[in-house]
Amino acid sequence: MSIKRDARNKSRFRFNFKKEINGETIRRSKLLPEGYSKSQAQQYDIKESARIFNEYTNPDKNRVLISECVLIYLTRRCPELKNGYGVAKELERLAPFYEGRYLSELAAVGTEYRQAEVLRLAPASIKNKLSYLRAACRYAQKEHGVGDINLRLQVGMPTVKNARQRYLTRQQMLTICKMCTDRTARAVIRISFYSGMRISETILAGRHLRTIQSGEGFFLQDTKNGSMRIAAMHPKLRVLSKYFPLRWKKSWIQKLIRRAMDAAGFQEYVLHDIRHSTASALINAGVDLYTVGQVLGHKSLASTARYAHLDMRSKIDAINKIK
């Protein structure tokens, strides 16, 4: 068997392959992911040994390594992305799963990654990370002609339930504000709730007074999806302009808000739930889903669809039209 405990890290298995195939000595070595059981390691040994034998007994010069596609993506595409550095780090973490594997094995790589991380990561997180790998392979294939252009690249994505279930009422939001010891952080909570902006967008808008258009809204030049937008300003927010520009860094403001939420008894909530609460409040007030998406700055209706289960008013109106 080619599987042994790693000499340096006894808790992990290492795959070692050394065989003579067609007069050539082939060597391969790979440290398997942390958490692999002996049974999993043995299964990997069987599959990988068979793959290597197949590679050298049935050579196909058109086969391209996934790592080649990732390298092209890292050097050509990532520098153009807003979160290019973060994407590069995620692809680096995925490397143990795709190193030495071909584009035709992309689906198998996705399956192995899901199985290895199912207990550690949420389905949404796994999906996001695998989407980076798929994007890298598709970019190299479509934009740079790498590999067979007709090869359909698929990564088996886990099922993600996007419907939001945790929402704060206005009274609960104010309770969190009361537990917040810092005025600036309190202002950020209220602005996020009454505008639907992400916490990061609220802080971005608060960096410079010139980014606020009095009486209209918050001008956001650089949002998560890379597009410019104006977030509508609720009348209750005009009085909070005295807290701009914000004096604290983003990380410190987030920490202050997290402490306030914990102190108020909302430990299971996350900061982003404040934004989801804006959507809930709008829908409860009779605002249609399309407008909710516009307020939140969604780029596609699919993003707004996660709140569809709250839109009972339109469902009732629709069913009442039956005569």
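The values are calculated or read from the model by the stated rules, or taken from the named source; none is laboratory data. Here the structure is a predicted model, which is why all the values come from computation and not from measurement. Every residue, glycine among them, receives a Cβ derived from its backbone with ideal geometry; neighbour counts consider all protein chains shown.
Details
- Test: TYR194 is among the aromatic types (Phe, Trp, Tyr), within 30 Å of ARG28 (Cα to Cα) and surrounded by 14 or more Cβ atoms within 10 Å (Cβ to Cβ): no
- When the test is whether a residue is among the small types (Gly, Ala, Ser), outside the structural domain of SER303 (by TED's automatic domain parsing) and in contact (Cβ under 8 Å) with a residue 12 or more places away in the chain, ALA187 does not pass it.
- Residue-level analysis places LEU168 outside the set of residues that are touching a Phe, Trp or Tyr at 6+ places or on another chain (Cβ under 8 Å) and within 30 Å of PHE53 (Cα to Cα).
- Pair list, Cβ under 7 Å, 6 or more apart: the range 301-317 residue among the hydrophobic types (A, V, I, L, M, F, W, C), other residue in a helix (DSSP H, G or I): LEU301/GLY293; ALA308/LEU289; LEU310/SER280; LEU310/ILE283
- Every condition in (1) within 25 Å of the chain's Cα centre (by Cα); (2) farther than 16 Å from TYR194 by Cα is met by ASP288 except one, and the failing one is (1).
- Within the range 87-123, the set of residues being touching a residue at least 24 places away in the same chain (Cβ under 8 Å) and of a type in the set (Phe, Trp, Tyr) comprises PHE97, TYR98, TYR102.
- Residue list for the range 230-260, restricted to those being among the small types (Gly, Ala, Ser) and more than 27 Å from the chain's Cα centre (by Cα): SER241
- Total residues in the range 5-34, condition in contact with an Asp or Glu (Cβ under 9 Å, 6 or more places away or on another chain) and either among the basic types (Lys, Arg) or part of a loop (DSSP other than H, G, I, E, B) (or both): 8
- Within the range 278-293, being closer than 20 Å to GLN171 by Cβ and of a type in the set (Gly, Ala, Ser) holds for ALA279, SER280, ALA281, ALA285, GLY286.
- Residue in the range 196-210 that is at pLDDT 75 or above, among the aliphatic types (A, V, I, L, M) and under 23 Å from the mean Cα position of the chain (by Cα) present: yes
- Remark: LYS61 falls outside the filter, which requires a residue to be touching a Gly at 6+ places or on another chain (Cβ under 9 Å) and either within 25 Å of ALA136 (Cβ to Cβ) or at pLDDT below 85 (or both).
- Counting only residues that are part of a loop (DSSP other than H, G, I, E, B) and either under 18 Å from the mean Cα position of the chain (by Cα) or polar (S, T, N, Q) (or both), the range 130-155 holds 3 of them.
So that you can scan it fast, the table gives a plain yes or no per residue for (1) exposed (fewer than 14 other Cβ atoms within 10 Å of the Cβ); (2) farther than 15 Å from THR202 by Cβ; (3) out of contact with any His (no Cβ under 6 Å at 6 or more places or on another chain); (4) not aromatic (Phe, Trp, Tyr):
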site: ILE257; (1), (2), (3), (4): no, no, yes, yes
site: ALA264; (1), (2), (3), (4): no, yes, yes, yes
site: ASP273; (1), (2), (3), (4): no, no, yes, yes
site: SER277; (1), (2), (3), (4): no, no, yes, yes
site: ASN284; (1), (2), (3), (4): no, yes, yes, yes
site: TYR290; (1), (2), (3), (4): yes, yes, yes, no
site: GLN294; (1), (2), (3), (4): no, yes, yes, yes
site: GLY297; (1), (2), (3), (4): no, no, yes, yes
site: LEU301; (1), (2), (3), (4): yes, yes, yes, yes
